[in-house]
Amino acid sequence: MKIKTYEKYNAVVIELKGDVMGGDDTKEFNQLLHKLIDEGKKNVIVDLSGVKFMNSSGLGMLISGLTTMKKENGNLKLANVGDKIESLLIITKLITIFETYNSVDEAVKSLGE
């Protein structure tokens, strides 16, 4: 998995690419979130458009990221959730926990409301 970040208006967008399998990626993802929190950046959008596959450990990584941000009164929203990942979220009932958007722009707009 590759991680790339950029800022868009009042949010930091984290682009994930490849297969999200947890493991070492989880550590890198969590360190990134803590760094953003330390910098006072609490609005995070995870762009999943480049994700081909996600397993349960990858889902766990997103859940722990959401928990980390919520503890700091921040936001973590998912954008560009593909059909495979959406059905994974529906099956695991996590679709009720995550805010999902069709695009990064939609997710960013939701922060202003």
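The values are calculated or read from the model by the stated rules, or taken from the named source; none is laboratory data. Here the structure is a predicted model, which is why all the values come from computation and not from measurement. All Cβ positions, even for glycine, are placed from backbone atoms using ideal geometry, and neighbour counts span all protein chains on display. Just so you know, the surface numbers come from the protein's heavy atoms only, side chains and all, with ligands and any DNA or RNA stripped out. Shrake-Rupley method; radii C 1.70, N 1.55, O 1.52, S 1.80 Å.
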*Provide the packing ranking of 41-48, 63-70, i.e. peptides ordered by the mean count of other C-beta atoms within 10 Å per residue, highest first.*
41-48, 63-70
*asked:* Springs between alpha-carbon pairs under 10 angstrom, Gaussian network model over the chain: which of 72, 15, 39 fluctuates most?
replied: 39
*Whole-Hz Karplus ³J(HN,Hα) for the stretch 83-98, in order, using 6.51 cos²θ - 1.76 cosθ + 1.60 and θ = phi - 60°, x for Gly and Pro?*
4, 4, 6, 4, 5, 4, 5, 5, 4, 7, 6, 7, 4, 7, 9, 8
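Counting helices only, and only those DSSP H runs with n ≥ 4, report the 222 nm mean residue ellipticity of the chain as the sum of -39,500 (n - 2.57) divided by its residues, in deg cm²/dmol to the nearest 500.
Computed ellipticity for the chain at 222 nm equals -13000 deg cm²/dmol.
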*Taking all protein chains as present, what is the carbon and sulfur share of the accessible area of the chain, in % to the nearest whole number, probe 1.4 Å?*
49 percent
*Identify which of the listed values of Cα Rg over 2.2 N^0.38 Å was calculated from the structure shown: (1) 1.17; (2) 1.13; (3) 0.95.*
(3)
*Accessible area of residue 53 in the full protein assembly, 1.4 Å probe (Å², nearest 10)*: 100 Å²
